[in-house]
Every structure is written in structure tokens, then in C-alpha cells.
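Take a look at the structure below.
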Amino acid sequence: MSASPSGLLGHMEDLQDLAIIERPIRRSLKTAEEIDKLTVDEDLNDIERAVYLLSSGQDVQRASVVVNLPNLVRQNPAETFRRVVPKVREVLHVAGVELQLAAASSFLTILQDDIVLIQTHTHSILQIVLLNLDHRDTVVSNAWLETLLAAVDVLPKETIRQEILGPLVSKAQLSQSLQARLASCRILGKAATKFESAVVKKELLPLVRSLCQDVEYEVRSCMCRQLENIARGIGMEHTKAVVLPELVELAQDEGSTVRLAAFDTVVNLLEMFDSDDRTHVVFPLVKTFCEKCFKADEAVLASLSFQYGRLCHGLSGSFSEEQHLWFLEFYKKLSVLGLQLENGHCESQAYPLELERKYETVRRNCAYNFPAMVLFADPKCFLAELYPTLSSLCHDPEISVRRTVADGFHEVVKLLGPNVHYVHKELVELLQDESLEVLDALLNSLQETLELATSRGEGAGSESKQVSVPDLIPALAAAEQKAAASLRWRIYEKLLRSYACLPRIIAGDQIYFRFLQRMFTIVTTTNVLPVQREAARTLCVFLRYNRKQEQRQEIIGKVVEQLAQGKSYWNRLRYLDLCEIAMELFSKSYFCKYFLVPALELVNDPVANVRYKLCRMLPRLKACIRLPGDKHLLQQLEFCVRKLLCREKDKDVVATVRKIVLDLDKMDITEPYHKRHERDLLDQKKETEEILLLEMEQLERQQTDGKLTIDKHTEKKRRDSKTGLSVTKSMSGSTSGATLSTSAGKEMKKAKLARSRSLSSHPSTSKMVNSEKTVKVKESGSCPAMGKNTLLPINDDTLRSHHFSTASTSMSPITSSSSMPVLIRSNTTNSTEHRTNGPKDTQSRKLNVQRKSNSFGMQSGRD
């Protein structure tokens, strides 16, 4: 088969390309002469080698010597400063940028090293540093300047005055370069913090004034930012007379950067001004600055909005009511800058891209300062003053603004206190935000936010809290679904970690039906391991605080069935992860009862990874077994170890088992007593809490049953009373005639009774009346006690028998009811209903007894 000419040409071009690729590789190889130049005699010591490389070496070799210079100084400082440092100084005249930066870093390390005798060699080092400050490359000169500024912190005062401040006077003159004057500003600011107030005022202030009046705005701006250090150096007394006038003048400068530097310096020095200066100087200055920036200087607004919260907080003590209101209104204008309100929502206006970015920065800074403004405006006035601003920031079209609001939302909730129900709606909206970045920012403090938002909504806001909680549950569920649908598993993991606080916020049934089943699904279906483990932890937390035995049994059964006995080895590994979490959350007895045996059964797992993980967990599993009660579990664990030693074939599992056997033998010997005692106390506390949860569950169930019994009893009495009324109405007509015929019989009975009364004495009559009163008191005293004890069956016979049996005792039912746990005293509806029904019966009995006693008294009076 013959090749076509076009195909041959294509192969030739490919070969030529390969040849071109190979050429640089051949040229990059070093020749024998180049290798000889890079070779150094091995007999030379470190100092001689450094001098040789600095004199005749290449740039790479010189750079290595400069980087290693601090080590040479530590080993032999005298020879290094005598022979090597002068060579370095010569090399730096012609060195490149990389060598200059390396030299600046090395000399800074030498100056900061305590081993070196600073007094002996400081002069030679500072001469090199000051010489290179005027380097034509800005990056190099800034690196040497940072070295000098860092050296000021460790150098003695006299050295600074002689070696640094002496040459500084000449470098600050107008005849010097712009770069030199800028460096002088920063050196002055750094040196002012090292000397006393008198020295600063005498030697540094003249240079400061001249640099503040420099013809270049960069110099004025740089010196203005150093006035803070100057003011702290001279103290509060001289700040008012010297620094404040300079700041007032610089705040009115024609350059916007100078005005901004003056504003920032004023904010940083607020604590150094007295109340009179703040009211009469600082406030008019800041107000004028804010008005000018808002009208014409958008570039300065970003820094102004960033410092605004700090400014208001610093000046709040000196504000009048009018000034306070002005700053608050100005903040509201900044928070909606670049937006227009349409149909209750903020929509961005059409601006140039650069201006739109500036407005976004301003609103983001307003969101950052919102907690400070809540404190400034007083949380009591939040609803009227700042709630619309918070609503607009939460609905801002830019994600960065909403993210900043979400990041500081927990601070707002903390400041509002009992009025936290005002922001429940915004919390739900941030949870349902379309951007995951907003949700991520909210998750940083979601547990604290939810606990504060639900626990402090009391008093006037309790109704609002009850309305917002149903909205909170769908919002949390929607946030979980959104995070699950995304690929950002770290946000999903953080969200599941935050859900661990839900037992303190939401009812147990809502957690069971809305979240607990979902956590189990995530554990069994998600492929991301950190997400699975966090879901398993949250599942264990939900299980730990669930107060219904049926629900706990169901979840544990599903865990064992689908994880420990699951078909996928991945799920069986997750069961072992869940066991590690359960050992931290549950007591030893609870773990051994529900989780230990399924874990030990995994010794027969066909996958070596599962057996390997089980082997590594054996010491922790043994630590959960308590003797002598769990002796059978210990025997089962030892059987698993013997089985692994005898039958295991995987080499990694065998090696792990042999190592773990030694650890199991040493467990009781090597562990200190105090650690074991602390662990036992913690386990006892967990077990007590679990027992308390079981008791609370039983009491709640008994209360529920008692309430149902009382409801049935009251309904039965209501029906009986209705039927009795109807029977009475039907019989009233038929008995009217009978009453006429029996009236004569009644008169005869009264005569006989009067005759018997006349035969008896009056003390017997008083005894009769007293006995009736005693019965009446006992009846009225026993009924409330009966109403408080809701665990007794409620019917007429038992109520009557209980009344008579307890009439002789003091108040034992009341005592027993008061000894119940406080956690169940919220369910008082049953006792209240019984209390309302009980007096009705006693009132009827009281009326009958009173009628009898009255009739007896009247008759005895007649007798």
C-alpha cells in the first residue's frame, strides 16, 4: 500500500516539530566549563566559602549566601561582620530585585536576633539599610523601609536618635525625592512611640508640621495618617493644642485622599478628645465631611461608611438629640445608596459599572455596621428607626450585602433581647435566600441565633414567636434541601452541624417527623463522607433527646437493620462511625444495651475494611463494658478477638489485631486513676439524664391518660345532668298534686320532732350542729387535694371512698404532688378541670347540710 505525498509531508512536519522541541533541552545542559565555574573547594570553611561565592560566584550562589547570613552571624559573628558583611554591601550596589529582598529579610532577622551584640554591629547594619532606602525600585525601597521600621522596635533609644533621626532631618526636606519624604513620614510616626512627650514635642513636631504642609498630596496624606502615633506620643494635653488644629486644616484639604486620612485619624483619636472638643470641633468637622462626600465624592464614601459605626459609637456620649437624629438619618441614606424603592422592594438603578461597585461597597459597609447602629439608636427604638433599614439590607439585590447582614445577624438578635420577635421574618428570609453564600454566612452563628430568637421572644412578643416557629421549620428544611442539591459539601456539613441545637428549640415530634428521618436518609444515601458523619452525629443528638420510647426504638431498629446489617459495606462502616459518636453522647449502659452487640457481630463481615475498623475500635468498646453486670458482653468481645486471631487472613487486619490485643491487656494498668474517675463521673451524669428522660416520658404519658379519663368523666356528668333536668321537668307537673296531699303528713312529722326535741337537752343539739360543720369542713378540704393528684382514677365511688379514707390524715396528697419533678408541672390543665368540677359536688352537699342544720336550729329555738 503506497503512501500519498500529502501524508509524507505531514510526517515530515511532525518530525521537524519534535526536533524544535528537543533543541532547548540540549541547550539547557551545562558544559564542562560551566560546571567547573560552579564547583567550590570542599576544604573551605563557611566564612571563606561565603566570601568566595560573593566575589566570583553567580547570582544564585550569592543569593544563597545572603539568605544564610543569619546562620553565619550566629555561628561566628565577629568574622561574619568583618569579612562577609562588607562583601554583601558591595554586592548590593549591582544586585537585582530578588537579592535585595533577600538581603532586607536577612538583616531584619539579624537585628531581631537576641544572640547578636546589637551595640557592636548595629552601625554597619543600619548604614546598609539607610543606604538602600533610596533604591530606584519602589518594591525594594519599601522592603528596606519595613526592615528599618521593624528594627525601631528592638533598637535602643540612643541608637535610634543617632543613627535614624539624625539623617531623617535632611531626608524630610523639600529638596529630597518624594519617596524619601514618604519614608520620613513613616519613620517619624514609628519613632514617636519610643520617646517621651518632651522629646517628641521638641525634636519631631517641627518636622511633622513641615510635612503636613508639603506640596505633594501624597506626603500630606501619609503624614496625616501618622498623626495618631504623634498624638499618642505627646499625650492628651498637647493633642488639643498641636494635633487637632492640623487635623481640622487637613480635613479641608483639596485632595480627597488627604481629607479621608484626616477623617480616619479623627475617628481613631476620639477617645483622646474631651467632650467639649467632640461637641464644638469634631461634630461640625465630621458633619461637613459627610455632606461633601455624599454630594460629590463617592470614592471617599466607602471608607466613611466603613468607619461610620465606630464614629457614632465614639461620639454618642456627646450628641444632642438633634445631632443623634442627624447621624441616624444619614446612615439610612447610606444604606439605600444607589437603590430605588419599587413595590416595597429595593431595585438597583442603572449606573456606570464603577459607580455601581462603589455604591455596593457602601451598602455592604452599612450592613457591617448595622449592629453598632442598633446599639447607637437604642434597641427599644429598633422597630421605628432601623427595622426598615434591616429589611432593605436583607432584600438587597447584591449578594455581598445580604451575606454581610447574615454574618452579623446573631449580634442583632443578641442586642434586641426580648424584642427579638421583630426580626423573625428576616431570619426566615435569610434561611431561604437563593444564594448559598448568604446561607454559609448565616451558618457561622446559626445555633446561637436560633437559641436567642426562640428563647427571648417572651412577654409582648410571645405571640409573634408562636407564629414564627412554624415558618422556621419549613425554612430550615428548605435550606437543607438547597444545600443537598448543591456541590458545596462543606456548607452542607456546616448546616447539619448547626441542626444539633434543634432539640433545644423545636418540639420532639416535629424533629422526629421533619428532621430525624431526613438525617437517617442522608446517612444511608449521601456519598460525601464528612456529610455522612455529620448527619450521623446529628441523628445521635436527636435520638439522645427524644422523649418517646417508641420513636427511639424505631430509629435504633432502622439503624441496626439498614446500617449494621446493611447490604453495602459502606453502610456497615457508617454504623461503626455512628458507634463512635454514640459512645460520646450516650452513657455506657445505653450504648451496651442498643449498639454494642450489632457492632461485635461485624467480626464476621466479609469485607476486610469493616473488620479492620472494628479492630481499631475494640479498646473503646471494651472501655464501655462495666463489670460485673456486663460480664457476658466482655466474654463476647473476647470471643471476637480470639476469632480474629485464629481465622483472620487479611494481613493488615492481623497486624492490627495483634497490636490491639496488647492495648487491651494494658488498658486497666496504664490509665491514670483520675482520668478513669472523671470518665466515670461523666458517664454517671449521662445515665442520670437518660433516666430522667424516661421518668418524664412516663409521667407525661400518665398525665395524658389522666386527662383523657377526666374528659370522659366530665362528659358523662354533663350528659347525666342534662337527662336529670329533663326528668325533673317532666315530673314537676305530676308531683304538684302529691305535695298537697303530703303537706298534712309533714305537719305531723314536725310535731313529733318538736316533741322529741323537748325531751332532749340543748348540748346534744349543739353536738349535732358541730358534727355537721365538721363534715362540711372535711369535704371542702379533701376536694382540692383530690384535684391536685391527677394520677388517681376519677369516678364517684372512688372519689367518695378516697375522701373518707383521707379525712383523718393531714394533707398527704398535697405533699406527694409537690414532690413531683418540676418538669411536669406545666401540664396543669387536668388538675384545673378537676378543681372546677369538684366544688360543684361539694357545694350541693354543703347546701343540704346547711339546710338541715338551719331547720334543726329553728326547731330547737321554738322548743
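The values are calculated or read from the model by the stated rules, or taken from the named source; none is laboratory data. Please read these numbers as outputs of a predicted model, since none were measured by experiment. Neighbour counts are summed over all protein chains in view; Cβ atoms, including those assigned to glycine, are modelled from backbone coordinates with ideal geometry.
For the subset of region 189-218 comprising residues that are assigned to a helix (DSSP H, G or I) and touching a Gly at 6+ places or on another chain (Cβ under 7 Å), which member is nearest to HIS238 (Cα to Cα)? Lay out the reasoning, then the answer.
Pass one, region 189-218, residues assigned to a helix (DSSP H, G or I): 189-191, 197-212, 217-218.
Pick out the ones that are also touching a Gly at 6+ places or on another chain (Cβ under 7 Å) and you get 197, 200, 217.
Values: SER197: 9, VAL200: 11, TYR217: 26 Å.
Checking each candidate, the answer is SER197.
Can LEU450 be described as more than 30 Å from SER486 (Cα to Cα), outside the structural domain of LEU502 (by TED's automatic domain parsing) and of a type outside the set (Val, Ile, Thr)? Before the answer, list the steps.
Working: more than 30 Å from SER486 (Cα to Cα): no; outside the structural domain of LEU502 (by TED's automatic domain parsing): yes; of a type outside the set (Val, Ile, Thr): yes.
No.
From the list GLU561, GLU601, which residue is acidic (Asp, Glu) and either in contact with a Leu (Cβ under 8 Å, 6 or more places away or on another chain) or under 22 Å from THR521 (Cβ atoms) (or both)?
GLU561
Could you tell me whether region 645-655 includes any residue that is touching a residue at least 40 places away in the same chain (Cβ under 8 Å), of a type outside the set (A, V, I, L, M), in the same structural domain as MET583 (by TED's automatic domain parsing) and closer than 24 Å to ILE581 by Cβ? Outline the logic, then answer.
Initially, region 645-655 is screened for residues touching a residue at least 40 places away in the same chain (Cβ under 8 Å), giving 650, 652-653.
Keeping just the survivors that are of a type outside the set (A, V, I, L, M) gives 650, 652.
Applying the additional criterion that residues be in the same structural domain as MET583 (by TED's automatic domain parsing) yields 650, 652.
Pick out the ones that are also closer than 24 Å to ILE581 by Cβ and you get none.
The answer is no, given that none of the residues of region 645-655 is touching a residue at least 40 places away in the same chain (Cβ under 8 Å), of a type outside the set (A, V, I, L, M), in the same structural domain as MET583 (by TED's automatic domain parsing) and closer than 24 Å to ILE581 by Cβ.
Any idea which of (1) touching a helix residue (DSSP H, G or I) at 6+ places or on another chain (Cβ under 6 Å); (2) within 21 Å of LYS494 (Cβ to Cβ) is the one GLU584 doesn't satisfy?
It is condition (1) that GLU584 fails.
Go through region 617-640 and count every residue that is more than 24 Å from ASP680 (Cβ to Cβ) and surrounded by 13 or more Cβ atoms within 10 Å (Cβ to Cβ).
Number of matching residues: 1.
Kindly indicate whether any position in region 75-87 is at pLDDT below 90, outside any helix (DSSP H, G or I) and either over 60 Å from the mean Cα position of the chain (by Cα) or exposed (fewer than 11 other Cβ atoms within 10 Å of the Cβ) (or both).
Scanning region 75-87, I find no residue that is at pLDDT below 90, outside any helix (DSSP H, G or I) and either over 60 Å from the mean Cα position of the chain (by Cα) or exposed (fewer than 11 other Cβ atoms within 10 Å of the Cβ) (or both), so the answer is no.
Every residue in region 643-653 that is closer than 18 Å to GLU601 by Cα, surrounded by 13 or more Cβ atoms within 10 Å (Cβ to Cβ) and out of contact with any Lys or Arg (no Cβ under 8 Å at 6 or more places or on another chain), please.
Of everything in region 643-653, just one residue is closer than 18 Å to GLU601 by Cα, surrounded by 13 or more Cβ atoms within 10 Å (Cβ to Cβ) and out of contact with any Lys or Arg (no Cβ under 8 Å at 6 or more places or on another chain), namely LYS643.
Across region 291-340, which residue is modelled with the lowest pLDDT among those that are touching an Asp or Glu at 6+ places or on another chain (Cβ under 8 Å) and either basic (Lys, Arg) or under 18 Å from ASP396 (Cα atoms) (or both)? Can you show your working first?
Let us first name the residues in region 291-340 that are touching an Asp or Glu at 6+ places or on another chain (Cβ under 8 Å), namely 303, 307, 314, 328, 338-340.
Now narrow it down to the ones that are either basic (Lys, Arg) or under 18 Å from ASP396 (Cα atoms) (or both): 338-340.
Details: GLY338: 85, LEU339: 85, GLN340: 71.
Selected residue: GLN340.
May I ask you to list the residues in region 137-184 that are modelled with pLDDT of 85 or more, among the hydroxyl-bearing types (Ser, Thr, Tyr) and part of a helix (DSSP H, G or I)?
Of everything in region 137-184, those that are modelled with pLDDT of 85 or more, among the hydroxyl-bearing types (Ser, Thr, Tyr) and part of a helix (DSSP H, G or I) turn out to be THR138, SER141, THR147, SER184.
Residues that are part of a helix (DSSP H, G or I) and within 37 Å of the chain's Cα centre (by Cα): does region 653-674 have at least one?
Looking only at region 653-674, we keep the residues that are part of a helix (DSSP H, G or I), and these are 653-670, 673-674.
Still in the list and also within 37 Å of the chain's Cα centre (by Cα): 673-674.
Yes: one or more hits.
Quick test for you: out of TYR569, TYR575, TYR594, pick the one residue that is among the hydroxyl-bearing types (Ser, Thr, Tyr), surrounded by 21 or more Cβ atoms within 10 Å (Cβ to Cβ) and closer than 30 Å to ARG647 by Cβ.
Numbers: TYR569 fails: surrounded by 21 or more Cβ atoms within 10 Å (Cβ to Cβ); TYR594 fails: surrounded by 21 or more Cβ atoms within 10 Å (Cβ to Cβ).
Going through TYR569, TYR575, TYR594 in turn, the sole match is TYR575.
Only residues that are under 21 Å from PRO418 (Cβ atoms), touching a residue at least 24 places away in the same chain (Cβ under 8 Å) and of a type in the set (Gly, Ala, Ser): list them for region 351-404, please.
Of everything in region 351-404, those that are under 21 Å from PRO418 (Cβ atoms), touching a residue at least 24 places away in the same chain (Cβ under 8 Å) and of a type in the set (Gly, Ala, Ser) turn out to be ALA372, ALA377, SER391.
Condition (residue is within 24 Å of ASN142 (Cα to Cα) and either part of a helix (DSSP H, G or I) or not polar (S, T, N, Q) (or both)) applied to region 230-252: is it met by at least one residue?
To start, the set of residues in region 230-252 that are within 24 Å of ASN142 (Cα to Cα) comprises 230.
Subset that is either part of a helix (DSSP H, G or I) or not polar (S, T, N, Q) (or both): 230.
Yes, some residue in region 230-252 is within 24 Å of ASN142 (Cα to Cα) and either part of a helix (DSSP H, G or I) or not polar (S, T, N, Q) (or both).
Can you name every residue in region 470-518 that is closer than 24 Å to GLU550 by Cα and either of a type in the set (Lys, Arg) or under 19 Å from the mean Cα position of the chain (by Cα) (or both)?
TYR499, ALA500, CYS501, LEU502, PRO503, ARG504, ILE505, ILE506, ARG514, ARG518
Any idea which residue in region 557-566 is farthest from the chain's Cα centre (by Cα), counting only those that are surrounded by fewer than 17 Cβ atoms within 10 Å (Cβ to Cβ) and in contact (Cβ under 8 Å) with a residue 24 or more places away in the chain?
From region 557-566, those surrounded by fewer than 17 Cβ atoms within 10 Å (Cβ to Cβ) are 557-558, 561, 565; that's our starting set.
Still in the running and in contact (Cβ under 8 Å) with a residue 24 or more places away in the chain: 558, 565.
Details: LYS558: 32, GLN565: 37 Å.
Among residues in region 557-566 that are surrounded by fewer than 17 Cβ atoms within 10 Å (Cβ to Cβ) and in contact (Cβ under 8 Å) with a residue 24 or more places away in the chain, the one farthest from the chain's Cα centre (by Cα) is GLN565.
List the residue pairs whose Cβ atoms are under 7 Å apart, where the first residue sits in region 580-594 and is in the same structural domain as LEU618 (by TED's automatic domain parsing), the second is crowded, with 17+ Cβ neighbours inside 10 Å and part of a loop (DSSP other than H, G, I, E, B), and the two are 6 or more positions apart or on different chains.
Short answer, once both residue conditions are applied: MET583/CYS624; LYS588/CYS624; PHE591/CYS624; CYS592/CYS624; CYS592/ILE625; CYS592/ASP630.
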